[in-house]
Amino acid sequence: MKNNISADDLAVLLAVVREGGFRAASQRLGIAASKVSTTISRIETQLGTPVLRRTTRSQHLTEAGQLLVDRVGPLLSAVNAACHDVATFGGQIQGQLTLNVPGAVMPDILPPLLAAYRTQHPDVEVEITVDSGLVDIVAAGCDAGIRYGSVLEQDMISIPIGPRRQQMAMAASPAYLDAYGVPQVPKDLTAHVAIRYRLDAGPLLPWTLQCKGQSVKVEPQNALILSVGALNTGLRYAQEGVGIIYTFRNWLDDDFESGKLLPVLPGWWPYIEGPHLYYPSRFAPKPLRAFIELCQATPAEA
């Protein structure tokens, strides 16, 4: 079997996977949707096997298609990075930096970093996709991702970004605590209602408390469950007395100072490891390398 699949055709396949469909891929690539369909059919004919399962509403990779994308994606990224580096050799860094990040880093961790990055590299366009799930950033067409925790795909490396530790905290409105009482010990929380967050298509974020080396998990009653991507929106519901909220302590500081929210069990507030930037271990394009260098040069917060 001859294999004459061009890099351009493979780039179309990756665009379909990244954008989630033929029409979105055609808009991203600036070509007709019919050409996208013809390209995918040509790939399948040359390979002798389907790479996509098509329905009237969506397209999903077959096992063979997934294998192809996993192998080809990093290689095309490397080719694009090399061509970009040669084209901008010795000059101002140009191009695009695409990041896949959780909503938790959007309000306070990313803004100062991106402001400094844009000052240093004004010709780079930055695009951010907010997604809290575990994502194959290469298949998603992103240069790098930011996540909490240490679960990484193969051939990925990571560096700390922002604070090395972040303290979690619990709070409730004065009206809620007047109505339902103030918890005195962790087990009291099981009698209270809470504002909880759910990981994308996954479990609820656990409420883990720590004090003097002791760690406990508690399960309050759920009053409201929000997507983890809406972390910073839960504060408004807590202010209205919907329930107790468990979130980043620094997000609560203004409400503590104003009296809109009151601390709950402050002696049990735990620390968690801060977020990490992760990216393929090879062939980072110049815009990404510059962002990595900025993150490494930025003093670590406590």
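We did not get these values from a lab; they are worked out from the coordinates using the rules stated. Values in this document were obtained by computation on a predicted structure and should not be read as measured data. We place every Cβ from the backbone using ideal geometry, glycine too, and count neighbours over all the protein chains shown.
Could you give the length gained by full extension between A175 and L75, i.e. 0.36 nm per residue of separation minus their alpha carbon distance, to one decimal place?
Length gained between A175 and L75: 30.2 nm.
Please report, in whole Å, how far the alpha carbons of the stretch 87-237 spread along each principal axis, starting with the longest.
Extents along the principal axes, in whole Å: 65, 33, 31.
The stretch 7-84: Rg/Rh from Cα coordinates, Kirkwood Rh?
0.95
Out of K260, K35, K286, any idea which swings most in a Gaussian network model of the chain, alpha carbons joined below 10 Å?
For the chain, modelled as a Gaussian network with Cα springs under 10 Å, the answer is K35.
Dipole size in debye (nearest 20) for the chain around its Cα centre, Lys and Arg Cβ +1, Asp and Glu Cβ -1?
600
From the helices alone, meaning DSSP H stretches of at least four residues, give me the mean residue ellipticity at 222 nm for the chain, per-run term -39500 (n - 2.57), in deg cm²/dmol to the nearest 500.
Helix contribution divided over all residues of the chain: -11000 deg cm²/dmol.
Relative to the longest principal axis of the chain, what angle (0 to 90°, nearest 10) does the C-alpha long axis of helix 63-87 take?
For 63-87 against the chain, the angle is about 80 degrees.
Could you give the longest part of the chain that holds none of the GluC sites (Glu not before Pro) found in DSSP loops with at most 15 neighbouring Cβ atoms within 10 Å?
Excluding the exposed sites themselves, the longest stretch runs over 1-152.
Between helix 249-258 and the chain, what is the angle of the helix's C-alpha long axis to the longest principal axis, kept within 0 to 90° and rounded to the nearest 10?
Approximately 50 degrees, to the nearest ten.
Angle, helix 110-120 long axis vs. longest principal axis of the chain, Cα atoms, 0 to 90°, nearest 10?
Around 50 degrees separate the two axes.
How far apart, in nanometres, would the label points at R28 and R53 be if each is projected 7 angstrom from Cα along the Cα-to-Cβ direction?
According to this spin-label approximation, the distance is 2.1 nm.
Kindly list the residues of the stretch 255-299 that lie in the label zone of V182, defined by a backbone N under 12 Å from the point 7 Å along the Cα-to-C-beta vector.
Residues passing the 12 Å test: 262-267.
Treat the stretch 165-272 as a sphere of radius equal to its Kirkwood radius over Cα pairs and apply Stokes-Einstein at 10 °C in a medium of 1.306 mPa s; give the translational diffusion coefficient in µm²/s, rounded to a whole number.
It diffuses with D of about 116 µm²/s by this estimate.
Say R0 is 35 Å: what FRET efficiency, to the nearest 0.05, do D9 and V130 get from their beta-carbon distance?
0.70
Counting other beta carbons within 10 Å of each Cβ, put V17, V72 in order, fewest first.
The order, fewest Cβ neighbours first, is V72, V17.
Just to be sure I follow: if Rg is taken over the C-alpha atoms of the chain and Rh is the Kirkwood radius over the same atoms, what is Rg/Rh?
1.06
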